[in-house]
Amino acid sequence: MTNDIHKEVLPQLAKLAIDPHRPLIISDADEVLFNFMIGLEGLLASQELYFDWSSFALTGNIRRIADKEPISQEEVGGLLSEFFEHRCVDLPAVEGASKGLKSLSKHAQIIVLSNIPPKYAHHRVMGLKDKDMDYPLIANIGSKGEVVRHLTQGMSAPAYFIDDIPHNHSSVNTHAAHVHRLHYIADERLSALLGPAEHSHTRLYNWPEIEAHIIQHIEIGAF
């Protein structure tokens, strides 16, 4: 079933060749592989805006320096479009991400599943290549559960999902509960605002932990 997968995502999935007998790692990009908040803060400062770190959300926390009022959800959307068009190529990589994925690639297939508008996907691909993380990208629209289900259907080997946003873990739990879900938020300031995602299997705090955790599971079949 692919009815709930966005029409712009389906052609990307059709291009992938996944070995059902080899473990699969499905990793988010922002705040997992790239320091999204650091890049966003640079954009905000250029527009006399700031992030007030009150909660784990963009809408309501991006405010004008002049009057400290939050910008609207529509303005947040426009800001993100500008970010993905002009800034995502140059985002710094999360410490240990490239090294961790390189090590894990000896044990598993790797796919990057990022909620970036497909029209900006080439910028994300360039950023991944530049930071030595040249793995297949799915530029997703909407929730991730159905896509993860599609990617892992028919697999006999274990699959792993790494993401910072709790509702993505909930979506994967609903549609692909067999996938092992690892909650990770790279930015320590953002991480401090949120506890472990309810529907993740575990919360991890750096790439050496992620790498060791997945390798252990692949080798002994348990967390």
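The values are calculated or read from the model by the stated rules, or taken from the named source; none is laboratory data. Here the structure is a predicted model, which means the values were calculated and not measured. Glycine gets a Cβ as well: all are built from the backbone with ideal geometry, and neighbour counts include every protein chain shown. In case anyone asks, the SASA skips ligands and DNA or RNA and just uses the protein heavy atoms, side chains included. Shrake-Rupley method; radii C 1.70, N 1.55, O 1.52, S 1.80 Å.
Which whole-number percentage describes the relative contact order of region 61-140, with Cα contacts under 8 Å and a sequence gap of 6 or more?
Details: 63 pairs, mean separation 24.4, N = 80.
Reported relative contact order: 30 percent.
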Per residue of the chain, what 222 nm ellipticity follows from adding -39500 (n - 2.57) for every DSSP H run with n ≥ 4, rounded to the nearest 500? -11000 deg cm²/dmol
How many Lys pairs in region 14-133 lie less than 20 angstrom apart by Cα atoms, where the lysines are 8 or more positions apart or on different chains? 9
How many angstrom separate the Cα center of region 164-194 from the Cα center of region 20-55? 13 Å
Cα gyration tensor shape for region 110-150, rounded if a/c is under 1.5, else prolate or oblate: oblate
Taking alpha-carbon centroids only, region 196-223 lies from region 75-108 a number of Å equal to 20 Å
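Within region 146-223, list the GluC sites (Glu not before Pro) lying in a DSSP loop whose Cβ has at most 11 other Cβ atoms in a 10 Å radius. List each step's numbers first, then the result.
Details: sites: 146, 188, 198, 209, 211, 219; in loops: 198.
Here the sparse-neighbourhood loop sites are 198.
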Based on the Cα gyration tensor of region 4-85, what are the three equivalent ellipsoid semi-axes, each the root of five times an eigenvalue, rounded to whole Å and given largest first? 34, 15, 11
Can you run phi through the Karplus equation (6.51, -1.76, 1.60; θ = phi - 60°) for region 147-162 and list ³J(HN,Hα) in whole Hz, with x for Gly and Pro? 5, 5, 4, 4, 5, 9, 5, x, 7, 9, 8, x, 10, 10, 10, 10
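Please work out how much length the chain gains when fully extended from residue 119 to residue 13, using 0.36 nm per residue of separation minus the C-alpha to C-alpha distance, in nm with one decimal.
Numbers: separation 106, 0.36 × 106 = 38.16 nm, distance 1.59 nm.
Extra length from residue 119 to residue 13 when fully extended: 36.6 nm.
According to the square roots a ≥ b ≥ c of the eigenvalues of the Cα gyration tensor, what is the shape class of region 181-223, taking rounded for a/c under 1.5, prolate for a/b larger than b/c otherwise, and oblate for the remainder? Each step should come with its number before you reach the end.
Working: a/c = 4.43, a/b = 1.76, b/c = 2.51.
Oblate is the answer for region 181-223, as a/c is 1.5 or above yet b/c matches or exceeds a/b.
Compute the relative contact order of region 1-71 as a whole-number percentage, counting only Cα pairs closer than 8 Å that sit 6 or more residues apart in sequence.
On the way: 40 pairs, mean separation 10.2, N = 71.
This gives 14 percent for region 1-71.
When only C-alpha pairs under 8 Å and at least 6 residues apart count, what is the relative contact order of the chain, in percent?
Details: 370 pairs, mean separation 57.4, N = 223.
In percent, rounded to a whole number, it is 26.
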How much of residue 59 can a 1.4 Å solvent probe reach, expressed as accessible area in Å² and rounded to 10? 70 Å²
Specify the angular offset, from 0 to 90 degrees and rounded to the nearest 10, of the alpha carbon long axis of helix 207-220 from the longest principal axis of the alpha carbons in the chain. 20 degrees
Between the helical axis of 166-175 and the dominant principal axis of the chain, each derived from Cα atoms, what acute angle in degrees is found, rounded to the nearest 10? 30 degrees
Under 9 Å, Cβ to Cβ, from residue 113 - net charge with Lys/Arg +1 and Asp/Glu -1: -1
Have a look at the DSSP beta bridges in the chain and tell me what percent are antiparallel, nearest 5. 20 percent
Remind me, what semi-axes does region 142-197 give for its equivalent ellipsoid, largest first in whole Å, using sqrt of 5 times each Cα gyration tensor eigenvalue? 23, 11, 8
Counting other Cβ atoms within 10 Å, which trypsin sites (Lys or Arg not before Pro) in region 24-71 have at most 12 and lie in a DSSP loop? 68
